[in-house]
1. Would you pick out the residues in region 155-164 that are out of contact with any Gly (no Cβ under 6 Å at 6 or more places or on another chain) and among the β-branched types (Val, Ile, Thr)?
2. Can you find, within region 190-238, the residue that is modelled with the lowest pLDDT among those that are among the hydroxyl-bearing types (Ser, Thr, Tyr), part of a helix (DSSP H, G or I) and surrounded by fewer than 21 Cβ atoms within 10 Å (Cβ to Cβ)?
3. In region 74-112, how many are within 30 Å of Leu243 (Cα to Cα) and hydrophobic (A, V, I, L, M, F, W, C)?
4. Scan region 405-431 residue by residue and report those that are β-branched (Val, Ile, Thr) and out of contact with any Pro (no Cβ under 8 Å at 6 or more places or on another chain).
5. Out of contact with any Asp or Glu (no Cβ under 8 Å at 6 or more places or on another chain), closer than 19 Å to Leu86 by Cα and surrounded by 15 or more Cβ atoms within 10 Å (Cβ to Cβ): which single residue out of Ile439, Ile444, Ile419, Ile383 fits that description?
6. What's the number of the only condition in (1) within 16 Å of Gly144 (Cβ to Cβ); (2) open to solvent by 10 Å² or more (accessible area, probe 1.4 Å) that Trp532 fails to meet?
7. Cβ-Cβ under 9 Å, sequence separation 6+ or interchain: first residue in region 6-21 and within 20 Å of Thr397 (Cβ to Cβ), partner of a type in the set (D, E, K, R). Which pairs?
Amino acid sequence: MDIGTISLVLMLALILLLAIGMPLGLASASLAVLVLVMKFEPTLLSNPMTFGDGILTSRPGTGPLYILTQKIYGLLTDYVLISIPLFIFMAALLERSGVAKDMYSSLNVWLSGTRGGIAIVTSIMAVIMAAMSGIIGGEVVLLGLIALPQMLRLGYNQNLAIGVICASGSLGTMIPPSIVLIIYGLITETSIKALFTASFLPGFMLASFIIIYIIIRTQLHPEDAPLPDPVPGDPQGREKGRLFLAFLSVVTAGFSVALFLRAAFFEFTGSNAANEGDPFAFGTAEWLPWFGGTFILMMGLMYFYFGMKDTKTGWNMGKGLVAPIVVIGVVMGSIYGGITGITEAAGMGAFAVLVIAIMRGEASWDLIWDSLMRTLKSTGTIIWVTIGAAALAGAYTIAGGPTYVADFIVGTDLPTMGIILAMMLILLFMGAFMDWVGIVLLIIPVFLPIIRRLPIEEIGFIGQLEPQHIAIWFGVVFCMNMQVSFLSPPFGPAAFYLKSVAPPHISLTDIFKGFLPFIGIQLCALTVLLIWPNIVTLLL
């Protein structure tokens, strides 16, 4: 059977199976078998009694089936895949401990007197949570439990509150350590560290767009975000700013000590010399005076400028931010500091969160058991979808599908950006009906070869990508598409996550209505990536 017919049957069958509610993993695996039969032994469809006579069934364990099983086995035994359950476990511990609540309280102290301050606090908290774990659903649920009642109690516009929580809670897709980027890197054999680095600016750009929208909207419509009544005795204005600077001095002093000890360890144990002439970043002897001087300067500011009383007050107001900063420093610092890889960093992050929970007196067998069960369920879902989708993608590749689609699309009269826009529309459409795991495993192996064949000088309008950055850029663009998919009806998983913890009077229709302006913000960020593709390479 020709590949064109196989592609048409595959597309219609996938839509039909998803429409009747078959799980994606099972649907994908079933269609993988169908694709192989149609391509290599189509007589089985008309006469099942010929089983054992063709290339697929005559010698089990050889031919296309062997290639497919090797592909799936290679994906599931990739060492980096272990980081996914570790990040999920870390997120589960964070959600069930009081770390997130304390972080919200500390952020609220500093921004409560600002118009729209609670919404801004929610967005900043979402960014910090995303930088700690890279998990999406849990953030939306957590923000729905902590921030939504607070905003509704203060009289915030309901649509604004809903949109901020779900749009900000989905930032884990873009901001490292994103699990979406990890899976993309595994499938496309792209450096995950490079993907993390490339997604920093686009991720924080999207977060900035959300915060800017909050500020502009609340200034134009003050009734959407009433200011809370000031609490007697709470610091205001310049006094609050002074206390915040005192808190930053304490944090900076602590990190200076940590960096000093790190550099001293690398230098005096000979690790820099043993690293083949490539010393660890900020880990050589020349940095020791800088870190030591910074510590002395911060201590001087605390003792002689702010005073110990104000320093202690500032610390008490902001100490809820310390644990998240430590976790981010452990995870991202170990990756970019050259200490560990992605998987080891995930393990260190999970261990750090567990230690913090123990130090706070919140650790218990129930906490750990609940977190492990959630990790098992989430990881099991991802793995089964991965197996099914990888089988389908592998079978379609063996049948020659990606080459057929690439030749078809490149052979059209569409300009380069027209082809890319068509891909974006397909990704946005698929995102409205399918989970991101299935999309990255089914669509990316088809689209990425097409992107590689397009004239690189015609991608974007400002600047030009280098050939080695094509896969990295497309990975970030794909993640931005998935940002939109988390809010897109009818699938829109963020809506169902929030509905599970929202007050009864908030319906799914209300939630999707609150998404509309934030989907526009996400599309603006996606447009920036298409117009100025070099934004992903600025930190590489």
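1. Listed by number, the list holds a single entry, Val164.
2. Thr197
3. The number of residues fulfilling the criteria is 8.
4. Once the filter is applied, which keeps residues that are β-branched (Val, Ile, Thr) and out of contact with any Pro (no Cβ under 8 Å at 6 or more places or on another chain), region 405-431 yields Val405, Ile409, Val410, Thr412, Ile419, Ile420, Ile426.
5. Just a single option satisfies the conditions, and that option is Ile383.
6. For Trp532, the failing item is (1).
7. Hits for this filter: Ile6/Lys39.
So that you can scan it fast, the table gives a plain yes or no per residue for (1) farther than 19 Å from Ser30 by Cβ; (2) of a type in the set (Val, Ile, Thr):
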| residue | (1), (2) |
| --- | --- |
| Asp413 | yes, no |
| Met417 | yes, no |
| Ile420 | yes, yes |
| Gly438 | no, no |
| Leu441 | no, no |
| Ile450 | yes, yes |
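The values are calculated or read from the model by the stated rules, or taken from the named source; none is laboratory data. The shown structure was predicted, so the numbers you read here are calculated from the model rather than taken from an experiment. Cβ sites come from the backbone with ideal geometry, for glycine too, and all protein chains shown count toward neighbours. Heads up: the accessible areas ignore ligands, DNA and RNA and are worked out on the full protein's heavy atoms, side chains in. Shrake-Rupley method; radii C 1.70, N 1.55, O 1.52, S 1.80 Å.
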